[in-house]
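> Handing you this structure, nothing more for now.
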Amino acid sequence: MSNFVSSSIGKKFFMSITGFFLMMFLLVHLSINLLLIFDDSGELFNMGAHFMGTNPLIRIVEPILAIGFILHMAYAVYLTWQNMKARPVDYKQVNQKEASTWASRNMFVLGLLITSFLVLHIMNFYWKLKIEKSVGLVMVSGAEMHDAYTLVAGLFKSSLAYDLVYIFGAIVLGIHLTHGFWSAFQTMGWSGNLWRKRIEFVGNVFAIIIAIGFSIIPLYFIIRF
Ligand code: HEM
């Protein structure tokens, strides 16, 4: 088992498992976040955020998610370093360009941009809600909860720069997924021309949903307020 974990295919395997897990998280996160634009009173979003923050199952999944992120990044650094050692620069530049997509050649840089976005994002919301606990409380349907809506909507209403950073983050994430989705399936053995085309198609649809879905939220606040 320890040989598998340290082997090149073992590392790719863990990259794809953690990648699958992160993609599931993105879908759930996007669904809850879209409540921001369907109810300007903020009650729906506050209830969604409260559910995510208090549901025992989600509380168990949260540390697993954090570990998933860290492993995904650690394996990315290791695999990129191994690839750089294994291939001379000229070969990479001449032969790879035509056979691969721009996203696949720039996964590491895209990943770094997403990580930088995430650090800012965690400071914006998670930190204030969970660590500083500096967000006010509201009553919704008889239950007391953090006013996450005022925090998120406040940021998007008050700063065009943040709106643009969030749109940029969503687009970079979408581009990362155009290759990441297919690559995760390929590592699990779903290859062959027909499957490649199908999975690439579904991956592109998924990437577009994530990029547009997350961008719509700051865009809504730019246009509406
Ligand atoms: C419009 C875009 C987004 C909004 C409004 C938003 C909102 C939030 C909020 C309010 C939290 C804190 C939740 C809580 O602790 O109760 C949070 C946490 C988090 N967000 Fe986002 N998010 C957005 C985009 C993204 C994107 C694109 C990613 C991934 C690259 C992401 C990844 C995370 C992670 C990893 C956490 C910490 C885990 C958690 O609390 O669930 N978010 N987000």
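The values are calculated or read from the model by the stated rules, or taken from the named source; none is laboratory data. As the structure is a computational prediction, the values presented were derived from the model and not from experiment. Because the Cβ atoms are built from the backbone with ideal geometry, glycine has one as well, and the counts that use them run over all protein chains shown.
> What residue, of SER191, SER183, is part of a helix (DSSP H, G or I) and modelled with pLDDT under 95? Can you show your working first?
Working: SER191 fails: part of a helix (DSSP H, G or I).
From the options SER191, SER183, the qualifying one is SER183.
> Return yes when ASN55 is within 12 Å of the ligand (Cβ to nearest atom), surrounded by fewer than 16 Cβ atoms within 10 Å (Cβ to Cβ) and at pLDDT 90 or above and no when it is not.
Working: within 12 Å of the ligand (Cβ to nearest atom): yes; surrounded by fewer than 16 Cβ atoms within 10 Å (Cβ to Cβ): yes; at pLDDT 90 or above: yes.
Yes: the conditions hold for ASN55.
> So which residues in region 19-45 are modelled with pLDDT under 95 and more than 9 Å from the ligand (Cβ to nearest atom)?
If the condition is that a residue be modelled with pLDDT under 95 and more than 9 Å from the ligand (Cβ to nearest atom), then GLY19, PHE20, PHE21, MET23, MET24 are the ones that fit.
> Only one residue in ILE70, ILE114, ILE60, ILE64 is more than 24 Å from TYR166 (Cα to Cα), in a helix (DSSP H, G or I) and at pLDDT 90 or above. Which one? Quick ask: steps written out before the conclusion?
On the way: ILE70 fails: more than 24 Å from TYR166 (Cα to Cα); ILE114 fails: more than 24 Å from TYR166 (Cα to Cα); ILE64 fails: at pLDDT 90 or above.
That would be ILE60, the only listed residue that is more than 24 Å from TYR166 (Cα to Cα), in a helix (DSSP H, G or I) and at pLDDT 90 or above.
> Under the condition of being assigned to a helix (DSSP H, G or I) and touching a Ser or Thr at 6+ places or on another chain (Cβ under 8 Å), which residue from region 74-106 is modelled with the highest pLDDT? Steps first, answer last, please.
Residues of region 74-106 that are assigned to a helix (DSSP H, G or I), as a first pass: 74-86, 89-99, 102-105.
Retained after the next criterion (residues that are touching a Ser or Thr at 6+ places or on another chain (Cβ under 8 Å)): 75, 79, 82, 103-104.
Details: TYR75: 87, LEU79: 87, GLN82: 85, ALA103: 94, SER104: 91.
Per the stated criteria, the residue is ALA103.
> Follow-up. Whether any residue in region 28-41 is of a type in the set (S, T, N, Q) and not in a loop (DSSP other than H, G, I, E, B) is what I want to check.
So in region 28-41, the residues of a type in the set (S, T, N, Q) come out as 31, 33, 41.
Remaining after also requiring not in a loop (DSSP other than H, G, I, E, B): 31, 33.
There is at least one residue in region 28-41 that is of a type in the set (S, T, N, Q) and not in a loop (DSSP other than H, G, I, E, B).
> Regarding region 139-157, can at least one residue be identified that is under 25 Å from PHE20 (Cβ atoms), in contact with a Gly (Cβ under 6 Å, 6 or more places away or on another chain) and modelled with pLDDT of 95 or more?
To start, the set of residues in region 139-157 that are under 25 Å from PHE20 (Cβ atoms) comprises none.
No; the residues of region 139-157 include none that is under 25 Å from PHE20 (Cβ atoms), in contact with a Gly (Cβ under 6 Å, 6 or more places away or on another chain) and modelled with pLDDT of 95 or more.
> Across region 117-165, what is the number of residues that are assigned to a loop (DSSP other than H, G, I, E, B) and more than 12 Å from the ligand (Cβ to nearest atom)?
Taking region 117-165 first, the residues assigned to a loop (DSSP other than H, G, I, E, B) are 132-136, 141-142, 147, 159.
With more than 12 Å from the ligand (Cβ to nearest atom) added as a condition, the list becomes 134, 136, 141-142, 159.
So the count comes out to 5.
> State all residues of region 175-211 that are loosely packed, with under 14 Cβ neighbours inside 10 Å and touching a residue at least 24 places away in the same chain (Cβ under 8 Å); if no residue qualifies, say none.
Result: MET188, ILE208.
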